[in-house]
Amino acid sequence: EAEVAQSPRYKITEKSQAVAFWCDPISGHATLYWYRQILGQGPELLVQFQDESVVDDSQLPKDRFSAERLKGVDSTLKIQPAELGDSAMYLCASSLEGTTYEQYFGPGTRLTVT
Amino acid sequence: GENVEQHPSTLSVQEGDSAVIKCTYSDSASNYFPWYKQELGKGPQLIIDIRSNVGEKKDQRIAVTLNKTAKHFSLHITETQPEDSAVYFCAAVEGYQKVTFGTGTKLQVIP
């Protein structure tokens with residue numbers, strides 16, 4: 001069964017350092033999402049891509065977060081500089097284009113900022 | 001924007017009993033309502049969903065009901081098993097896949 005791949009699974013970094021996460025969606029899925037999930041809460045959308053274009057980044061803290069999906073396949077989410085409050089699970093999801101809504105999530109990257 | 005409230009936040013049931021989780025949403029434009037199960041250390045997994053033109057949907061031991069007038073929807077799990085223990089999230093989707101998640105329900109099934 002096809003899955004969304006994410007790496008690394010765990011990341012510990014010091015505040016003010018840069019950190020990057022990678023996501024490879026299910027093959028053929030045109031839409032890709034990055035979510036942040038704080039412990040005990042539901043996922044919160046950070047950015048949504050349709051192919052290589054950003055569809056929604058209204059909740060992305062653009063002063064420190066950036067995301068790209070250059071060839072419309074895999075994607076990278078970067079934080080620079082990291083802050084203590086960025087400690088969370090970062091989830092990637094993908095879905096087919098069109099009226100299919102089902103999103104498939106990867107295992108996530110657990111970020112701890114010290 | 002959309003606001004999704006989910007209750008209860010924790011739920012303990014005996015194995016074999018039923019579990020019910022309820023969600024309400026605020027935006028009448030929402031037209032798709034998925035439910036996700038998240039096990040410890042894993043990403044959410046879609047378990048069932050319902051679209052706004054349907055009132056009820058069932059898949060084996062899991063069912064979801066939707067009341068668009070009242071803007072609430074519920075997840076029903078019958079004959080619960082220990083492997084059903086997890087955190088469950090409801091969500092509401094409006095427009096082109098703009099998803100708002102509830103705050104989650106931690107379900108514990110006691111053997």
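The values are calculated or read from the model by the stated rules, or taken from the named source; none is laboratory data. No experiment lies behind these values; they were computed from the predicted model shown. Note that we place each Cβ from the backbone using ideal geometry, even for glycine, and neighbour counts take in every protein chain shown.
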Where the second residue is of a type in the set (D, E) and surrounded by 15 or more Cβ atoms within 10 Å (Cβ to Cβ) and the first is at pLDDT 90 or above and lies in segment A:48-74, which pairs have Cβ atoms under 6 Å and are six or more apart or on separate chains?
A:Q48/A:D56; A:D74/A:D24
Checking B:W35 against (1) in contact (Cβ under 8 Å) with a residue 60 or more places away in the chain; (2) of a type outside the set (K, R); (3) out of contact with any Lys or Arg (no Cβ under 9 Å at 6 or more places or on another chain): exactly one of these is not met. Which one?
(1)
Members of segment B:1-34 that are among the acidic types (D, E) and either assigned to a strand (DSSP E or B) or modelled with pLDDT under 95 (or both):
B:E2, B:E5, B:D27
Residue count for segment B:61-98, restricted to those that are free of Cβ contacts under 8 Å to residues at least 60 places away in the same chain and either in a strand (DSSP E or B) or out of contact with any helix residue (DSSP H, G or I) (no Cβ under 9 Å at 6 or more places or on another chain) (or both)
22
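Quick grid of which residues meet (1) of a type in the set (S, T, N, Q); (2) crowded, with 19+ Cβ neighbours inside 10 Å:
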residue	(1), (2)
B:V20	no, no
B:Y25	no, yes
B:S30	yes, yes
B:Q38	yes, yes
B:I50	no, yes
B:V54	no, no
B:Q60	yes, no
B:A63	no, no
B:K71	no, no
Candidate set: segment B:37-71, residues that are within 12 Å of chain A (Cβ to nearest Cβ) and β-branched (V, I, T); chosen: the one nearest to B:S85 (Cα to Cα):
B:I47
Looking only at segment A:6-20, how many residues end up being away from chain B (no Cβ under 11 Å) and in a strand (DSSP E or B)?
6
Report whether or not B:K37 is outside any strand (DSSP E or B) and not small (G, A, S).
no
Here is a check on your reading of the model: is A:P25 within 22 Å of A:S95 (Cα to Cα), modelled with pLDDT of 95 or more and loosely packed, with under 15 Cβ neighbours inside 10 Å?
no
